[in-house]
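Down below is the structure, laid out as structure tokens.
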Amino acid sequence: MLRNMNVLREEPPLPSDPAGPSPPPADPARSAAPAGGLDAAAAATLILASLEDDKAEEIVDIDVTGKSSLADRLIIASGRSQRHVGALADHVMRKLKEAGAKDLRVEGLPHCDWVLVDAGDVIVHLFRPEVRAFYGIERIWTPAGGDSAAKPLAS
């Protein structure tokens with residue numbers, strides 16, 4: 001009769017730490033300071049200023065604090081064309097990096113119909129007007145009643 005010689009051996013337990021078990025490591029994907037150093041308010045202020053300077057249209061700032069674990073703020077804006085949407089995203093990314101933000105993520109740049117910039121606790125959605133109307137993500141994050149967390153900004 002053959003026996004499996006690759007038997008797993010149990011290691012003796014390590015002596016317990018007198019201070020008790022250590023807390024689990026912090027989730028790196030959800031840090032207190034978004035995008036490596038800027039807090040949500042500072043990042044949102046910088047993003048809104050960049051979008052206004054670059055003539056983005058229909059800028060909306062939605063506070064989703066407590067509603068979502070993904071972010072504290074959603075900023076939604078439209079560009080006039082694919083080229084304008086791409087330039088808006090590029091300028092937002094540049095200004096965040098200049099302010100010391102790290103670990104920024106971007107999706108949708110090749111086509112520039114809908115570009116998402118993830119800056120930690122602030123997520124920026126940039127659309128062409130037709131695509132924005134089709135998806136209507138503002139309606140997902142704002143209540144159906146009159147009291148809205150969304151703040152449309154003058155463009």
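Each reported figure results from applying straightforward, stated rules to the coordinates on display, with no laboratory input. Everything quoted here is computed from the prediction, not taken from an experiment. Glycine also receives a Cβ, built like all others from the backbone with ideal geometry; neighbour counts cover every protein chain displayed.
Looking at the range 42-136, the trypsin sites (Lys or Arg not before Pro) that sit in a DSSP loop and have at most 14 other Cβ atoms within 10 Å of their own Cβ are LYS55, LYS67, ARG80, LYS102. Our estimate of slack between ALA133 and GLU107, defined as 0.36 nm per intervening residue step minus the Cα-Cα distance, is 7.4 nm. Taking amide H atoms as placed 1.01 Å from N in the peptide plane, the amide H of VAL64 lies under 5 Å from those of ARG73, LEU74, each 5 or more residues away in sequence or on another chain.
Here the Karplus relation 6.51 cos²θ - 1.76 cosθ + 1.60, evaluated at θ = phi - 60°, turns the backbone of the range 44-52 into coupling constants of 5, 4, 5, 5, 4, 5, 4, 5, 5 Hz, with x for every Gly and Pro.
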